[in-house]
Amino acid sequence: MVTKVLWLNRIMSSVLFRAAFLACLAELLTTGVSAATLEKLTIEQMTQKATLIVRGRVSGCSGEMHGSIIYTRCSVKVTERWKGQSADVVTYVVPGGSFKGLIQTFTGTPKFIGGDEYVLFLWAGRSGNNQIIGLTQGAFDIRSEPASQAKASRAATSELMLDSTGSPVRDTPVQLNASELKARVVGALSQSGTAR
């Protein structure tokens, strides 16, 4: 009888453990917990990978849902086109955002503020939607001090980054004059023979 009780306790604790484990797993999958591993990219590497590089002001962003993923779609009024063909207004999507009262976040995803100016390194995915290269790496915030000395910057990402050999590296913030950023893009394009 004691053996049957011990055996029954083991089964019940095993069943309870599995149920608790599955509940925790379901919670993780439905709360949008995510992690990204990114390749650390130079400005020149992003220039080569980009299908479109523009400077402009974000005119607005809104959330939309595709399957179980919320995306934020933003529009930017282009003031300069550094690579690729573009209209006066370009749209792009980033994972995460809010839609009909639901909020989903993805670490390492840049946030955009309407009216702020950015330089964006974009690539067109299979869906045809423009996306930011390297998440925060491909979005530079532009701050005009006087306009002739505008600064381009991006914060360091907290996400795991790997160099070209696959070794972990720490990201650092990037800040330079917007004119220097443009010169580096133009230089990378001329080295590869790619037209602007």
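The values are calculated or read from the model by the stated rules, or taken from the named source; none is laboratory data. Given the structure is predicted, the values throughout are model-derived calculations rather than measurements. Cβ coordinates were reconstructed from backbone atoms using ideal geometry, including for glycine residues, and neighbour counts include every protein chain displayed.
Here are some residues: S98, S144. Which one is surrounded by fewer than 17 Cβ atoms within 10 Å (Cβ to Cβ) and either out of contact with any Gly (no Cβ under 6 Å at 6 or more places or on another chain) or basic (K, R) (or both)? Write out each step before concluding.
On the way: S98 fails: either out of contact with any Gly (no Cβ under 6 Å at 6 or more places or on another chain) or basic (K, R) (or both).
One residue alone meets the criteria, S144.
Counting only residues that are touching a Ser or Thr at 6+ places or on another chain (Cβ under 9 Å) and among the small types (G, A, S), which one in the stretch 41-64 is surrounded by the most Cβ atoms within 10 Å (Cβ to Cβ)?
Looking at the filtered set, the residue picked out is G56.
Do you know which of the residues in the stretch 125-141 that are touching a residue at least 60 places away in the same chain (Cβ under 8 Å) and assigned to a loop (DSSP other than H, G, I, E, B) is surrounded by the most Cβ atoms within 10 Å (Cβ to Cβ)?
G134
Looking only at the stretch 113-124, which residues are surrounded by fewer than 19 Cβ atoms within 10 Å (Cβ to Cβ) and either among the hydroxyl-bearing types (S, T, Y) or part of a loop (DSSP other than H, G, I, E, B) (or both)?
I113, G114, G115, D116
Where the second residue is modelled with pLDDT under 95 and part of a strand (DSSP E or B) and the first is within 19 Å of G125 (Cβ to Cβ) and outside the structural domain of L120 (by TED's automatic domain parsing) and lies in the stretch 62-90, which pairs have Cβ atoms under 9 Å and are six or more apart or on separate chains?
So the pair list comes out empty.
Does T105 meet the test of being among the hydroxyl-bearing types (S, T, Y), crowded, with 19+ Cβ neighbours inside 10 Å and more than 22 Å from I43 (Cβ to Cβ)? Steps first, please.
On the way: among the hydroxyl-bearing types (S, T, Y): yes; crowded, with 19+ Cβ neighbours inside 10 Å: no; more than 22 Å from I43 (Cβ to Cβ): yes.
No.
Since S86 meets every condition but one in (1) among the small types (G, A, S); (2) surrounded by fewer than 15 Cβ atoms within 10 Å (Cβ to Cβ); (3) modelled with pLDDT under 95, which condition does it not meet?
For S86, the exception is condition (2).
On the given criteria, is V169 over 16 Å from the mean Cα position of the chain (by Cα), closer than 18 Å to I43 by Cα and at pLDDT 95 or above? Explain how you work it out, then say what you get.
Values: over 16 Å from the mean Cα position of the chain (by Cα): yes; closer than 18 Å to I43 by Cα: yes; at pLDDT 95 or above: no.
Answer is no for this residue.
Taking the stretch 101-124, which residues are closer than 17 Å to S86 by Cα and among the hydroxyl-bearing types (S, T, Y)?
Scanning the stretch 101-124 gives a single hit, Y118.
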